[in-house]
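Here is the structure we will look at, set down as structure tokens.
The values are calculated or read from the model by the stated rules, or taken from the named source; none is laboratory data. In this text the structure is predicted, and so the values were computed from the model without any measurement. For neighbour counting, all protein chains shown are included, and Cβ atoms are generated from backbone atoms with ideal geometry for every residue, glycine included.
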Amino acid sequence: MKNIRNVIMMCAGLLFSSSCTNLDENLLGSPAEPFVSDIPSAAFEGGGAGPGDALAPAYSQFRNAGNANHGGYWSIQSVSSDEMAVTQKGGDWYDGGIWIDMHRHTFGPASGPVDSAWNQQYTAIAACNDLLAGGLDANGEAQIRALRAYLYYRLMDLYGRVKIVTSPGDNPPQATRQQVFDFVESELLDVLGITAVSSSMDLSGSALGTDKNPYRINLFAALGILSKVYLNAEVYTGTGRYQEAADAASYVIDQGGYILCDDSNCIKPNPGKRPAVDSDPENLTGYATVFAPNNQDSPEIIWSVAYDGVSAAGMNFNMMSLHYSSQFTWNFDSQPWNGYSALEDFYNSYQDGDARKEINFLVGPQLDYGGSAILDYAATDGELELDYTPDINELEPNASRKGGARLNKFSHRLFERNEMDNDMPIIRLGDLYLIRAEGMARAAGDWNMAAPDVNTIRARANLGPLSPLNEDTFLAERGREMFQEAVRRQDLIRFGKFDDPWWEKTNNDAHKALFPIPQPQIDASNGTLTQNPGY
Amino acid sequence: MKIKLLKSLVVIGAFLCFGFIQAQEVTGTVSDVNGPLPGASVLVKGTTTGTQTDFDGNFTLNADSDATLVFSYIGFLTQEIAVNGQSTINVVLQEDAQALEEVVVVGYGSQAKKEITSAVTSVGEEEFNKGVVNDPASLLQGKVAGLSIYNKGGNPNEDPVVRLRGISTIGANSEPLVIVDGVVGASLNNVDPNDIASINVLKDGSAAAIYGTRGSSGVILVTTKTGGAGGTSVDYNGQFSLASPARLLPVMSGDEFAAAGGVDLGSRTDWLDLVTITAATKINNVAVSGGDGNSNFRVSANFREAQGILYNSGFKQYNTRANFSTRTFNDKLRIDFDASYTKRNSNFSFTEGLRYGLLYNPTAPVLGADSPFQFDSETYGGYFETLGLFDSFNPVSIVQQGTNQGSKDEFTYSANFKYNLTDAWDLTALFSQQSSKILNSGYAPTTLLYLGNASSPTRKGLAQLYTEERNFKLFELYTSYNTSIGESTNLSLTGGYSWQQQNQFDYFLSAGGFPNNKLQYLNALEWSTDLDNAGFANYGSNNWPNDRIIAFFGRASATINNAIFVNASLRREGSSRFGEGNKWGLFPSVGVGVDLNQYLELNNVNLFKVRLGYGVTGALPPTFGLSQPQYQDDGSRLSAVPSLEPNPDLKWEEKAETNLGIEFATNRFSGTLDLYTRDVSDFILLATIETSQSVTGANQQYQNAGKLQTKGLELSLNYDVVKQDNLSYNTGLNFTTYKSTLKEFITPQEMRANLGSPGQNSTEMIRVKVGEEIGQIWGPVFTGEVVDGSQVLADVNGDGTLNTGQDQALAEDGDFAILGNGIPDFELGWSNQLTIGRFDVNAFFRGAFGHSLVNTFRAFYEPRVGSQGSYNFVNTKYADPSITNAQFSSLYVEKADFFKLDNLTIGYNFDIGENKYIKGVRLNVSGQNLFTITGYTGADPEPQLVDIGENTGGAFNALGSDPLAPGIDRRNNYFSARTYAVGLNINF
């Protein structure tokens, strides 16, 4: 019996020692809090993913905010406009009709891309709030507040009524569009160290400073954001703020030291030059350099998102737009998807001789890397040669595989990966010229006020002065300049054209100018989010 | 199932003095009241000397004159007779009433079958599925009411999906808990089907609750074979089989394709024929077993070499198992030691070979040399490729050039010590360890377009490696005590502690850009030009935290008047996967059974029992770390970004189940009926959260997301139609039906299961809705009319507008409808056993009825899409040549009811007379999957209980699976095979 007692004692000892009820979970593979690498990015010299400073967590989440890839922010801003469409090519790209609905303005609250765009912005906002809660230096705090204000400006633009969350875990009520506008405006003014934008403002008190790092927000970038906010203020609040838009843009143009790229001041080697194709230029010049794979030090860019084939994924225009066989044009690493193409009318809004026409689009017969014609063996019309035509036979269901001019503004490098190297400009000087032009014209009620700036922009595209100059021609000019930069929907709304019919879009429901609050978000909100009117 | 309880021998303090004892020959006959007993064990007590009686019950052995002989036989009381100089000893053994009563292994012990108050089904070796069975679960396919086992297509490298009573959990692991010889959570892959003596399935919550958290999806208890007392015997089993594709999806021939307007590339190629083979499987098993009264052993070696019907797929497996058991310390201590090792080398090949085998242009040549236009064959290893087409690859090139293989080592051992403190009180300690290693490697050579990127001028070839090492430790300590209260009540108490820990380390790497195909990729990773080009090489590693489960448990069983049985158990269990404060859960159960026949005393009725059980089980979250914030690389190595919003409040998913069972048996007929209802509350699911409220910014989080209710009925019937010495026929039927309803959910409804690329992304096909059944296939309805190449869809709600865009799927004015349900209405298994003299015939039929499948092959490739003219077209009876674009609708959802002859086996036991060396020889031939009656046009009408997702991506096997989205027959499913086998069994 002694043995038995010993056994029992042993067992009891075993069971009640703490190690036998220890259920602690110490995660080994993933850090328990956000952190920044101690080693700054070596790739920064060539653009890369941007600087590895303390602000990297927020800027890298901003990079993921759908600025230049398929299925989120960029896609809904672009496909809901008259710039481009994603056609259904028989068995390809129907995708439940979501892109057809986007083109025809028949989308609803369950639209996946509308949900993605929402999540992309809020995920970046959460990273901003997290950094701000942890404490930053004055410049860092100002930058992250400006970045957050920019993200809320996007949400205001897309959805109108959103929750303004400014610290982790907050659950404020859904704000009105006016309230979001007020928040965005006050945050930007605050980090600029001013109470109002005017032609005589003094920005010396701003913690943002004037350092020129295209991947970080300086005071010129913040002013650029503010000019966009003011330009669209009438849409958001009913009250026009055009003079302030012009004043903000003007300050950057006059004081920023940025340069509008033309053929003489911006010349770069062409990363997409095929040795065997003589028609490929050795160099890119002017407008083309602002969007090229090597655009990281473009003097026209005030603020951009760093994209890189190796370390900064998120720009996939090559995959999204080009035909499968265009892989062989530049010998891409992988096969493109043949999705997006420009609408014929939009393509035709460029006159011949407009330098931007050739830069922004890819049309005509295509040659492979070695200079031979590219063949498409699946062609059913008997024309095996891959030849992009500006016209598209139909939106659905059997759109031509070769139909539509392809998106080429963000040009390609040889052996490009499916992640592109081009940076995505968020604020650039060319845009600010047009904002100043429009702001002045609308403030004065006279489109002739726009002439100097709009003609500057036209001049670098080798075009003469815009004539006649009126609301419609100005919109068209802005469209040609800003193609593929995700502003067309905004412009159409501001010019009152978003309800107009174009190509296969006839829907004129006014409420479509605001996207619906995504249904999954309403479902998850316990009734704290309500749907926009009309949905 | 019967377990022979080893009767211990009492050692008497007699010391043998060899000098005086004379060895002599003893002969005799062992019989029972009916006549001689062949195969009875005769043993000289205290030695390993022994023999077995022959066919006529006779024995001969040498024994010392003062020795004692021990006579034993299963089901009879053991007798001891002193030799005392006798040369002839004849014995009549008495039946052991207790031993004849079936004993069933339940959690932490065993019980007499009649004492069980929960739904437990036992399947013995003789009832297992016959023919070629490469995994233990398939032994049970169709045999247990309520247990669904489907290996859709029958890929030999994939484990079947096992579901007990439908969906028991959603986010958590829905595979049943496996216990091998008492080792909780053991790997079923480390047990060869030939080594299994019996399998018990604990179906309801009251049986499984003793296993707490992991019992929700049911418990499968595997008992492996052990050695018997009396001499050594050798058992050999050999099997050879040939399998060929049983059903293939109809596609067009080259001529039909050209006539239908497809691009004619000049050749006529039957691609499916080229990527499939007649697959041979060889199985050899040898087992040696033996023992005496104190110890016994069994050692087996199993060799399997299986080919799949897909070219170059299959595996070679070697498994060995040793079971050893002994008693010591005056028989007070019993030690059981089991060890098993399995090594499997697999060739996965590429299931894409089957997919492209169906779809590749039937007019395309195999080789580039036969190309109708100038083609650079050398770049593609001599094969032809249709360059520039989306998702189009020469399947012969894939399966012949590509390599996709893996090896897996599994080692398990367990040591079980049971010490009898008193006759009524014992203490058991179990320690077990399992380790497994996986090394998967794949290589797409520089000349392979698929994965290998052969068309790239710079980076051709891709090598991928994945390796995983997993360790599992289990320690359990429990004690049992038996007592009587008064004269009529027996009470049995069990209590204990359980501790287990799982660790895993894994890493993968992929690298491409090889100079040529002259190198063996596993030996030449250093040649990868990815070393010179940042960003191409891909690697990652993952090390688990100590993943622990700790539990305290107890059970009380009472038997009153040998007619009323009461069982109650309680388990308090904790897991490291939950946050502080939510780690521990409490899982109770109670059951009552009444043997009504004790009171009714019905004539000719052996059993008439009614039982009622209630039990609560839990379910673990699918992975660890869910309660803590986790961050991952932002892709630029600059900063860490959130990967998942943590949920520190995540708590145990609980399943409460009530089961009513009726068991009835006469001499010839037996039946069991079970009715159950189960409520799974707080089920764990990866849920969308309001992104603005996410602290990390991640928009998904594991949550206790809802409540699911399943109601079901299971019926098993068995009848001995003929029961004579030379002729017997037994038939058995089991019937299963259940319905699962979503009772509560985080959102009122949502869509799941994307159809996929090309062209049908954002096309989710399954609706999950509160108040509705699980498994609803939801989509637009085809009217039968086609206009301009498009299906005309129905205005389902009749409001005059057609809203069939996918984002309208759940909208009030959307024109969507239920197109079918992925879960069968009912499932049937019908077994037949006929014995005529030395012949025996087994026929097993199986069917599932009422379920539908989305035939995704058709959804993608049946429309005559002009712009994809280089794909072949699926050409079933539903094919409508006027449809020229792809749109998911009711047209692609088919009823998939089926009834099949799963297995037919004919065996013959040779009359070998009195052979000195061979005790028995049996030969059998079998056919599997011999015919299937179904209207389904796809390759396999078996239900698809979980969604395996869009695509495997080629290199390695598929990722997660979604139990909320059953009913989707994906393009990467294997094609089912028909198998003919011949088997030989020799017993020495």
Check your understanding: Does the range B:882-931 hold any residues that are in a strand (DSSP E or B), within 20 Å of B:Ser976 (Cα to Cα) and of a type outside the set (A, V, I, L, M, F, W, C), and which are they?
Key -> B:Glu894, B:Lys895, B:Lys900, B:Asp902, B:Asn903, B:Thr905, B:Ser926, B:Gly927, B:Gln928, B:Asn929
Point to revise | Any chance B:Leu509 is crowded, with 16+ Cβ neighbours inside 10 Å, without any contact (Cβ under 8 Å) to a residue 40 or more places away in the chain and more than 14 Å from chain A (Cβ to nearest Cβ) | key: no
Check your understanding: Scanning for something within 14 Å of another protein chain (Cβ to nearest Cβ), farther than 30 Å from A:Leu28 by Cβ and either assigned to a loop (DSSP other than H, G, I, E, B) or touching a residue at least 60 places away in the same chain (Cβ under 8 Å) (or both), does the range B:554-563 turn up at least one residue?
Key -> yes
Revision key, fill the gap. Within the range A:426-469, the count of residues that are closer than 30 Å to A:Tyr73 by Cα and either charged (D, E, K, R) or part of a loop (DSSP other than H, G, I, E, B) (or both) comes to 9
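Can you tell me how many residues within the range B:805-823 are facing chain A (nearest Cβ under 9 Å), at pLDDT below 90 and surrounded by fewer than 23 Cβ atoms within 10 Å (Cβ to Cβ)?
Of the residues in that region, 1 qualify.
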Practice item. For residues that are among the polar types (S, T, N, Q) and part of a helix (DSSP H, G or I), tally how many sit in the range A:273-326. Key: 7
Study note, to complete from the structure: Exception for B:Pro648 within (1) more than 14 Å from every other protein chain (Cβ to nearest Cβ); (2) touching an Asp or Glu at 6+ places or on another chain (Cβ under 8 Å); (3) of a type outside the set (Val, Ile, Thr) falls at (1)
Exercise for review: Kindly list, by first and then second residue, each pair from a residue in the range B:287-302 that is over 25 Å from B:Phe315 (Cα atoms) to a residue that is acidic (Asp, Glu) and in a loop (DSSP other than H, G, I, E, B), limited to pairs with Cβ atoms under 8 Å and residues at least 6 apart or on different chains.
Suggested key: B:Asn294/B:Asp331
**Study point:** Any hit, the range A:254-264, residues being modelled with pLDDT of 95 or more, crowded, with 23+ Cβ neighbours inside 10 Å and away from chain B (no Cβ under 14 Å)
**Key:** yes
Review point. Can you tell me how many residues in the range B:578-595 are more than 11 Å from chain A (Cβ to nearest Cβ) and among the acidic types (Asp, Glu)?
Key: 1
Exercise for review: Residues that are among the hydroxyl-bearing types (Ser, Thr, Tyr) and farther than 14 Å from B:Ser889 by Cβ: find the strands (runs of 3 or more DSSP E) completely inside the range B:759-814 holding 2 or more of those.
Suggested key: none
Exercise for review: Output yes when any residue across the range A:366-383 is under 28 Å from A:Ala312 (Cβ atoms) and either touching a helix residue (DSSP H, G or I) at 6+ places or on another chain (Cβ under 9 Å) or more than 11 Å from every other protein chain (Cβ to nearest Cβ) (or both), and no when none is.
Suggested key: yes
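So which of A:Ser206, A:Ser198, A:Ser167 is surrounded by fewer than 15 Cβ atoms within 10 Å (Cβ to Cβ) and either free of Cβ contacts under 8 Å to residues at least 40 places away in the same chain or under 24 Å from A:Leu132 (Cβ atoms) (or both)? Steps first, please.
Numbers: A:Ser206 fails: surrounded by fewer than 15 Cβ atoms within 10 Å (Cβ to Cβ); A:Ser198 fails: either free of Cβ contacts under 8 Å to residues at least 40 places away in the same chain or under 24 Å from A:Leu132 (Cβ atoms) (or both).
Testing whether each residue is surrounded by fewer than 15 Cβ atoms within 10 Å (Cβ to Cβ) and either free of Cβ contacts under 8 Å to residues at least 40 places away in the same chain or under 24 Å from A:Leu132 (Cβ atoms) (or both) leaves just A:Ser167.
Condition check ((1) more than 14 Å from chain A (Cβ to nearest Cβ); (2) buried (at least 20 other Cβ atoms within 10 Å of the Cβ); (3) of a type in the set (A, V, I, L, M)) across all residues:
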residue	(1), (2), (3)
B:Glu657	yes, yes, no
B:Ile662	yes, no, yes
B:Asp674	yes, yes, no
B:Gln693	no, yes, no
B:Glu714	yes, yes, no
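Would you check which residues across the range B:247-264 are of a type outside the set (Phe, Trp, Tyr), in contact (Cβ under 8 Å) with a residue 12 or more places away in the chain and farther than 17 Å from B:Asn855 by Cβ and list them? Lay out the reasoning, then the answer.
First, pick out the residues of the range B:247-264 that are of a type outside the set (Phe, Trp, Tyr): B:247-256, B:258-264.
Right, trim to in contact (Cβ under 8 Å) with a residue 12 or more places away in the chain and you get B:247-256, B:258, B:260-264.
Once the filter is applied, which keeps residues that are of a type outside the set (Phe, Trp, Tyr), in contact (Cβ under 8 Å) with a residue 12 or more places away in the chain and farther than 17 Å from B:Asn855 by Cβ, the range B:247-264 yields B:Ser253, B:Gly254, B:Asp255, B:Glu256, B:Ala258, B:Ala260, B:Gly261, B:Gly262, B:Val263, B:Asp264.
Table: residues versus (1) at the interface with chain B (Cβ under 10 Å from one of its Cβ atoms); (2) assigned to a loop (DSSP other than H, G, I, E, B); (3) crowded, with 21+ Cβ neighbours inside 10 Å; (4) of a type in the set (A, V, I, L, M).
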position: A:Phe328; (1), (2), (3), (4): yes, no, yes, no
position: A:Ser334; (1), (2), (3), (4): yes, yes, no, no
position: A:Phe346; (1), (2), (3), (4): no, no, yes, no
position: A:Gln351; (1), (2), (3), (4): no, yes, no, no
position: A:Arg356; (1), (2), (3), (4): no, no, yes, no
position: A:Tyr388; (1), (2), (3), (4): no, no, yes, no
position: A:Glu396; (1), (2), (3), (4): yes, yes, yes, no
position: A:Ser400; (1), (2), (3), (4): yes, yes, yes, no
Check your understanding: Among (1) under 18 Å from the mean Cα position of the chain (by Cα); (2) buried (at least 24 other Cβ atoms within 10 Å of the Cβ), where does A:His103 come up short?
Key -> (1)
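Tell me, please, whether a residue that is facing chain B (nearest Cβ under 8 Å) and surrounded by fewer than 19 Cβ atoms within 10 Å (Cβ to Cβ) can be found in the range A:283-298.
Kept after step one, since they are facing chain B (nearest Cβ under 8 Å), are these residues of the range A:283-298: none.
No, the range A:283-298 contains no residue that is facing chain B (nearest Cβ under 8 Å) and surrounded by fewer than 19 Cβ atoms within 10 Å (Cβ to Cβ).
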**Study point:** the range B:367-381 residues that are within 16 Å of B:Pro395 (Cα to Cα) and touching a residue at least 12 places away in the same chain (Cβ under 8 Å), paired with ones that are surrounded by 18 or more Cβ atoms within 10 Å (Cβ to Cβ) and of a type in the set (D, E, K, R) (beta carbon under 8 Å, 6 or more apart)
**Key:** B:Gly368/B:Glu385
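Which helices (runs of 4 or more DSSP H) sit wholly inside the range A:1-115 and have at least 3 residues that are modelled with pLDDT of 80 or more and either closer than 22 Å to A:Phe483 by Cβ or in contact with a helix residue (DSSP H, G or I) (Cβ under 6 Å, 6 or more places away or on another chain) (or both)?
Details: elements: A:2-16, A:56-63, A:73-79, A:98-104.
Passing ranges, in order: A:56-63, A:73-79, A:98-104.
More than 30 Å from B:Asp181 (Cβ to Cβ) and assigned to a strand (DSSP E or B): is that true of B:Leu474 in this structure? First the steps, then the outcome.
Working: more than 30 Å from B:Asp181 (Cβ to Cβ): no; assigned to a strand (DSSP E or B): yes.
Judged against the criteria, B:Leu474 is not a match.
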Exercise for review: Return a yes/no flag: does the range A:499-515 have any residue that is farther than 21 Å from A:Asp345 by Cβ, surrounded by 14 or more Cβ atoms within 10 Å (Cβ to Cβ) and within 14 Å of another protein chain (Cβ to nearest Cβ).
Suggested key: yes
